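What follows is a single structure, written as structure tokens, with notes after it.
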Amino acid sequence: MSTTVDARGLSCPQPVLLALDQMKQQSSGEIVVLLDSETSRENVSRAATGQGWSVKKTKEQDEEIQLTLGKD
């Protein structure tokens, strides 16, 4: 089961803070983060790996980025 964090339309650091908050609530599993900027993708990815999560998948379609984070 995965949780979705919709951070589209938000500027940094808000997407990072939302993703980090979800990582703290959820000690493992999968989190899908919806973004709409390359900067947010890079910052959320960096924050996730710093917390021991990995970027399992990145899907870009039109102007939306779907970042799948995972931790066992």
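Worth pointing out:
- Checked against the criterion of being hydroxyl-bearing (Ser, Thr, Tyr), at pLDDT 95 or above and either in contact with a strand residue (DSSP E or B) (Cβ under 6 Å, 6 or more places away or on another chain) or surrounded by 13 or more Cβ atoms within 10 Å (Cβ to Cβ) (or both), the candidates 58, 49 yield just one match: 58.
- First in the stretch 7-35 and more than 15 Å from residue 56 (Cα to Cα), second anywhere and among the small types (Gly, Ala, Ser) and crowded, with 18+ Cβ neighbours inside 10 Å, Cβ under 6 Å, 6 or more apart: 12/40; 15/7; 15/40; 16/47; 18/7; 20/47; 35/7
- Selection status of residue 72, in contact (Cβ under 8 Å) with a residue 24 or more places away in the chain and surrounded by fewer than 12 Cβ atoms within 10 Å (Cβ to Cβ): yes
- For residue 11, the conditions (1) in a helix (DSSP H, G or I); (2) surrounded by fewer than 16 Cβ atoms within 10 Å (Cβ to Cβ); (3) small (Gly, Ala, Ser) all hold with the exception of (1).
- Test result for residue 27, loosely packed, with under 14 Cβ neighbours inside 10 Å and more than 12 Å from residue 69 (Cβ to Cβ): yes
- Answer from 44, 55, 16 - the residue that is closer than 13 Å to residue 72 by Cα and in contact with a helix residue (DSSP H, G or I) (Cβ under 6 Å, 6 or more places away or on another chain): 55
- In the stretch 30-45, of all residues being of a type in the set (D, E, K, R) and under 17 Å from residue 64 (Cβ atoms), the one that is surrounded by the fewest Cβ atoms within 10 Å (Cβ to Cβ) corresponds to 38.
The values are calculated or read from the model by the stated rules, or taken from the named source; none is laboratory data. Since the model is a prediction, treat every value here as computed from it, not as a measurement. Backbone-built Cβ (ideal geometry, glycine too); neighbour counts: all protein chains shown.
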